[in-house]
1. Let's see if you can work this out: charge +1 on each Lys and Arg Cβ, -1 on each Asp and Glu Cβ, no other charges. What is the dipole magnitude of the range 87-214 about its Cα centre, in debye to the nearest 20?
2. Summing +1 for each Lys or Arg and -1 for each Asp or Glu, what net charge is found among the other residues whose Cβ lies under 10 Å from the Cβ of R219?
3. Identify unpaired cysteines across the chain, taking unpaired to mean no other cysteine Cβ lies under 4.7 Å from the residue's Cβ.
4. Where does the charge balance sit around I260 when Lys and Arg score +1, Asp and Glu -1, over other residues with C-beta under 13 Å from its C-beta?
5. With a 10 Å Cβ neighbour count serving as the proxy for reagent exposure, in which order, fewest first, do K61, K20, K66 appear?
6. Please compute the Cα-Cα pair-distance distribution of the range 2-127 with 5 Å bins starting at 0, giving whole percents from short to long.
7. With label points built 7 Å along Cα→Cβ from the Cα atoms of E130 and L237, find their separation and express it in nm.
8. Efficiency by 1/(1 + (r/R0)^6): what FRET value for K61 and R94, r their Cβ-Cβ distance, R0 = 25 Å, to the nearest 0.05?
Amino acid sequence: MLSEIKYKLFKLANSIGIEKIGITQDSQNPELTVVAALFPYFVANESGNIAMYARARDYHKVNAEKLEILCGFLRLNGANECKIYVDNAARNDREAAYSAGLGFFGRNNLLINDRFGSYFTIGQIVTDLEIQPDSPDVRICKNCGKCEKSCPTNALCGKKYDKSLCISEISQKKGELTALEAELLKLGGSIWGCDICQQACPHNANLTTTADSELFKNRITTLTSSDVEHLNDVEFLGKYKDYAFSWRGVDVFKRNLVIIY
């Protein structure tokens, strides 16, 4: 019976555009099941000053809407508990996806999938419905060093990840940046997030567009000073409420634009 449920769950997921889905036990409570899913967002031959994951409608909302359809199926098949997590501090999405066999960890701390490279977001469902788990992808990164060499701030130096030097982290900090942080931000050239280590990764070298058609609606690749300089936080949120970067507030963007340009 459970095998049939798993088969139908995967089939339903595929029908709504979730190509990669896996099952694992919950690390916090082994009696619970985690359904992990990948949501690709790569668009070939596209440039901009915003990290690619944030250029389309907020992935938190997009992923949660699709996962809610799967929750409906699980409830119909006996689940009493069915909670959705998308980039929520209460759950580690990458660890869940790894345990569910959806990828292996790269040198840059990102999860790598054969089909999508590292260009995907992750969502998970935690449920009390028992479903046979999948096996982790036990492969390891080849440590070619290309991501480390490509990082202009040496955030990956010495096979360690230094969050304080990461352009993505710095670009999202609130308040005034230190002189060092400002110089590091300039090296990346991005006003929100960073894709440099992904662009250098061999596992992403031959990717074709994987993003769902929904992610092409009202797409924003670049923001300029003229887009935000006249806005306050309320106006900024109203204008960009459908994007994952809006929560940080307009001052972060005004600051980053001044530093970089």
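We did not get these values from a lab; they are worked out from the coordinates using the rules stated. As the structure is a computational prediction, the values presented were derived from the model and not from experiment. Glycine gets a Cβ as well: all are built from the backbone with ideal geometry, and neighbour counts include every protein chain shown.
1. On the way: 14 positive and 17 negative charges, 134 e Å.
Dipole magnitude for the range 87-214 comes out near 640 debye.
2. Values: positive: R55, R57, K217; negative: E46.
In short, +2.
3. So, C141, C144, C151, C157, C166, C194, C201.
4. Details: positive: K186, K254, R255; negative: E181, E183.
Neighbourhood net charge equals +1.
5. Details: K61 11, K20 23, K66 20.
Lowest count first: K61, K66, K20.
6. Bins of 5 Å from zero give 2, 10, 21, 24, 21, 12, 6, 3, 1, 0 percent of pairs.
7. Distance between the two pseudo-spin positions: 4.5 nm.
8. Calculated transfer efficiency: 0.80.
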